[in-house]
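Read the structure below first, then the notes.
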Amino acid sequence: MAARRRFIAILTFLAGLYFLLEFVLPPTVPGRTSRGIYLSHDPTVVRLRTGAGDFVDVAVRPGVELSMMVRDPTGKLQAKVQRTREVSVGETLTARTRTFVFGGLRNGLVVDAEGAVAALRPGEQLYLDGSEETPADLAALPIGSKVRVEVRSARVAEVQWGSVTLLQNRERATIQLGPHVAVLREKRKGTPDEIEPYEARVGDTLAIGHTTFLRDQRDTAAQFNTVLGTLALGMGLLSLAMVNGRKLKRSGEDRWVALAFFAAVAVGVCAGVYKYYDPNTTERAFSDTIVFRLLGPVGSTIFSLLAFYLASAAYRAFRIRSAEAALMMATALIVMLGQTPFGMYLTGWLGEQLKALWLPNVAGWILRVPNSAVVRGLIFGTMLGGIGTALRYWLNLEKGSAMGGGD
Amino acid sequence: MWGWLARLDRVPRQTIYLLMFVACGLPFFLDVRLPLYVWPETRAVFEVTDSTPPNKVVLICSNWVQGSQGENWPQYEALVSHLMLRGIKFVVIAVDSDPLAPQFSERINERQAAKYGREYGKDWVNLGMVRGAPLIMASIGRNIKSVFPRDYRGNSTNDASKLPILQGVTGAADFQILWAIEYQPSLDWMVWLDPAGRVPVAFGSAGIVTTSWYPYISSGQMKGMMAGIRGAAEYESLVREKYGSRYDQEGLRGGRLLVPLAFGHLVIIAFILLGNLGMVAKRRAGKGGSR
């Protein structure tokens, strides 16, 4: 128990520390970051070695995209785009060197829509835009198709890092790019955007420096969060199955409830899987019936009961026993009437000149002014409470079951 | 007389339920028309959505399911019918919702697409559900395709032939507006999707929680909202006002459900007043009896 508790505490602290540092620290290392007005740049050139032993130099310019081909959970190839600064010698990459509109074949050479020869270097292949698996069949490729020129699964043999020329204190300064050197475009408002040097426009204010890596891991942290959230779903189902499984073992009246639970889970799983089937199949019809003809009406019915309870509760609770209660009731009546068409029906006759007295406008004023003030106060209160609770969890001051403590 | 009125202090709840049932049910059988006032919060989001340029998409986070379909369905359908009518491209996602949410939204998308002859992948895409808010919201703002490598139907989001709508869509800069439609949308959208605040945020929520959004609208963090069924009815009326007969309102629920809702409110108001009258009468009758 103590080890589990310590493990949860350390993990929580490290996760919290990451988010705090990611929020507090700038994206590039302070003191090693150059700032200035963008003037020009020399592109980085990535030398790729294909499987056939050919070398292809890819200058990182507009239209060029470097990516790693990874297989997604369904086994299909998926391109994961990489920033130039993340490229390192020895890794395997796919580079999209350019795109153009296919204009046909002339003397065996590929031409674009304008009739210019789109010479392919050794190692480069044409892919129909949208098709990921196989190169385009040039003989069958329709004229006018958008195509990509790509070098697939080539090893990075060398990287010739480019540079960016900035105007700093009225002097030109050339900043050398390199691995993990990020180029940030500063904005008047908000956090700076990381860009490729070719995306900069003359006059942009850039900050160039070695990345602190924290921001690079944001997507990983988000995915971790997604995995945890999904795991929680499974754990909830497992926990319910265990509880109902125990009930099923016992021969009490509860076992019918437990049996209904397992039957509902089985039907729910089938409905969930079948929802991906084509609309005209029996499986899809089964899923739609469960969701739209069973769950839908049941859910709506339960929710609609609120209207009856609300009417009954309002009748019993809204009694004018003090001046405050009278004020509250008057406000509630105005807001309620103002939100329905009856508000306009009752006061619309006042005309445009007395528009401010129309019930919807009075209700709107109440919601926008006094209500906003109250809600803001509530938000401040709950947020301060939230910060306090978060700090308790982060610093392991919370002793509840969520942190590995007793039940 | 006070003695008779004092009986209003203790109306059996079954009577209240019955009158509520009649008030909500009757307008479905009678053609009742009531004047509609469009609130500025609805008008503001309609205008931003309506002015979507061709190079941008509307991002809709549709998290509602059966529980809140009474209010969220009319809102979602009013919005989607507007987008389909105008040919505005939109991307539907669900974040931390019930796993059934994409199924509910897709059903409406398909129905409206059939009306206006729109095509999946070209005019709209449903990317399904993902967990991991609020961090995942930031990832959506940076690169939506990295969060959703496949759509709800299993197509790769990088496949330009099947999902041309997503070509040129990367992140926050490509979204005209974010619509979050569910019982109580998450405030995290305002903070995480685009920290620079370039993407206007609009909520479609249950009427009862709308009071919480007004401070964010007045501060400019939210562009506006559709407040419950009233918001949906107002949105429908704005589209009708601008596009006239081109707008096919067959099957839309906002305007239709507004009347039962109004009558339901009227019953609540009537009983609050009657209850207080009964309370006063009971006091008077009590005093009279003691004399």
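Inter-chain Cβ neighbour count for A:284-295, averaged per residue, equals 2 (cutoff 10 Å, partner chain atoms only). Per-residue ellipticity at 222 nm, computed for chain A from helices alone with -39500 (n - 2.57) per DSSP H run of at least four residues, works out to -13500 deg cm²/dmol.
Taking the 1.4 Å solvent-accessible surface of the range A:45-160 as the whole, the part contributed by carbon and sulfur is 52%.
The range A:50-127 and the range A:202-220 have Cα centres spaced 26 Å apart. Computed from backbone phi with θ = phi - 60° and the Karplus coefficients 6.51, -1.76 and 1.60, the 3J(HN,Hα) list for the range B:206-217 is 5, x, 5, 9, 5, 4, 6, 8, 4, x, 6, 6 Hz; x is used for glycine and proline. Residues of the range B:23-69 buried by at least 10 Å² of accessible area upon assembly of all protein chains, compared with the chain on its own (1.4 Å probe): B:Leu34, B:Pro35, B:Tyr37, B:Trp39, B:Pro40, B:Glu41, B:Gln66, B:Gly67, B:Gln69. Counting only Cα atoms, the size of the range A:250-317 along its three principal axes is 51, 40, 12 Å, in decreasing order. Legend: mean number of C-beta atoms from other chains within 10 angstrom of residue C-beta atoms, peptide A:226-235, equals 3. Can you list the residues, at least 5 places off or on another chain, whose amide H is less than 5 Å from the amide H of B:Val65, using H built in the peptide plane? Distant-sequence amide H within range of B:Val65: zero hits. Cα centroid separation, the range B:216-281 to the range B:103-157: 29 Å. Interface between chains A and B: roughly 6300 Å² of accessible area buried, both sides summed (probe 1.4 Å, protein heavy atoms only). Over chain A, the pair-distance histogram of Cα-Cα distances with 10 Å bins from zero comes to 4, 11, 14, 16, 20, 17, 12, 5, 1, 0 percent, rounded to whole numbers.
Taken as Cα centroids, the range B:26-61 and the range A:373-401 sit 36 Å apart, rounded to the nearest whole angstrom. Among the listed pairs B:Lys56/B:Lys145; A:Lys80/B:Lys145; A:Lys80/B:Lys122; B:Lys122/B:Lys162; A:Lys189/B:Lys56; A:Lys187/B:Lys145, those whose Cα-Cα separation exceeds 19 Å are A:Lys80/B:Lys122; A:Lys189/B:Lys56; A:Lys187/B:Lys145. For the range A:270-407, the C-alpha radius of gyration sits at 1.72 times the compact-globule guess of 2.2 N^0.38 Å, with N the residue count. Burial here means at least 40 square angstrom less accessible surface with every protein chain in place than with the chain by itself, probed at 1.4 Å; in the range B:141-168 the buried residues are B:Arg142, B:Arg150, B:Tyr152, B:Asn158. For the range B:88-116, heavy-atom accessible area (probe 1.4 Å) falls by no less than 50 Å² from the chain alone to the full protein assembly at B:Gln103, B:Arg107. Between B:Leu266 and B:Val48, the FRET efficiency estimated from the beta carbon spacing at R0 = 45 angstrom works out to 0.85. Bridges between two residues of the range B:40-252, per DSSP, are antiparallel at a rate of about 5%.
What the phi angles of the range B:39-53 give under the Karplus curve with 6.51, -1.76 and 1.60, with θ = phi - 60°, is a coupling list of 6, x, 5, 6, 4, 4, 6, 5, 5, 5, 5, 5, 9, 5, x Hz, glycine and proline written as x. Counting only DSSP beta bridges with both residues in the protein assembly as shown, the antiparallel share comes to about 70 percent. Note on the range B:40-252: with neighbouring protein chains present and a 1.4 Å probe, carbon and sulfur make up 49 percent of its accessible heavy-atom surface.
Per residue, the protein assembly as shown exposes 51 Å² of accessible surface when a 1.4 Å probe is rolled over the protein heavy atoms with every protein chain present. The share of accessible area on the range A:250-317 that comes from carbon and sulfur is 68 percent, using a 1.4 angstrom probe.
Ratio of Rg to Rh for the range B:1-81: 1.20 [Cα atoms; Kirkwood radius as inverse mean 1/r over pairs]. Mean separation of Cα pairs under 8 Å and 6 or more residues apart, divided by the residue count, gives the range B:170-226 a relative contact order of 36 percent.
For the range B:188-232, what class follows from the C-alpha gyration tensor (a ≥ b ≥ c being the square roots of its eigenvalues): rounded when a/c is under 1.5, otherwise prolate if a/b is larger than b/c, else oblate? Since a/c reaches 1.5 and a/b is larger than b/c, the shape of the range B:188-232 is classed as prolate. Computed on the range B:132-187, the Cα convex hull volume stands at 103 Å³ per residue. Against the compact-protein benchmark of 2.2 N^0.38 Å, the Cα-based radius of gyration of the range A:154-273 scales to 2.08. For the range B:40-252, the extents of the C-alpha atoms along the principal axes are 39, 37, 32 Å, listed from largest to smallest. Let me make sure I get this right: for the range A:211-281, a, b and c are the square roots of the gyration tensor eigenvalues over alpha carbons, sorted descending. Under 1.5 in a/c it's rounded, otherwise prolate if a/b > b/c, else oblate. Which is it? It is oblate, given that a/c is not under 1.5 and a/b is not larger than b/c. Decide, for the protein assembly as shown, between rounded, prolate and oblate: order the square roots of the alpha carbon gyration tensor eigenvalues as a ≥ b ≥ c, take rounded if a/c falls under 1.5, and otherwise choose prolate if a/b is larger than b/c, else oblate. Cα axes put the protein assembly as shown in the prolate bin.
For B:Arg131, the residues whose modelled amide H falls within less than 5 Å of its own, excluding neighbours fewer than 5 places apart on the same chain, are B:Asp96. For the range B:13-24, putting each phi into the Karplus relation 6.51 cos²θ - 1.76 cosθ + 1.60 with θ = phi - 60° gives couplings of 5, 4, 5, 4, 4, 5, 5, 5, 4, 5, 4, 7 Hz, in residue order, rounded to whole numbers and with x for Gly and Pro. Here's how it looks for A:Val183: its modeled amide H is under 5 Å from those of A:Ile195, which are all 5 or more places away or on a different chain. Looking only at GluC sites (Glu not before Pro) in DSSP loops with at most 13 other Cβ atoms within 10 Å, what is the longest site-free stretch of chain B? Here the longest run is B:120-249.
The values are calculated or read from the model by the stated rules, or taken from the named source; none is laboratory data. Not measured: the values here are computed from a predicted model. When we count neighbours, we look across all protein chains shown, and the Cβ atoms used for this are built from the backbone with ideal geometry, even at glycine. Keep in mind that these areas ignore ligands, DNA and RNA; they rest on the heavy atoms of the full protein, side chains included. Shrake-Rupley method; radii C 1.70, N 1.55, O 1.52, S 1.80 Å.
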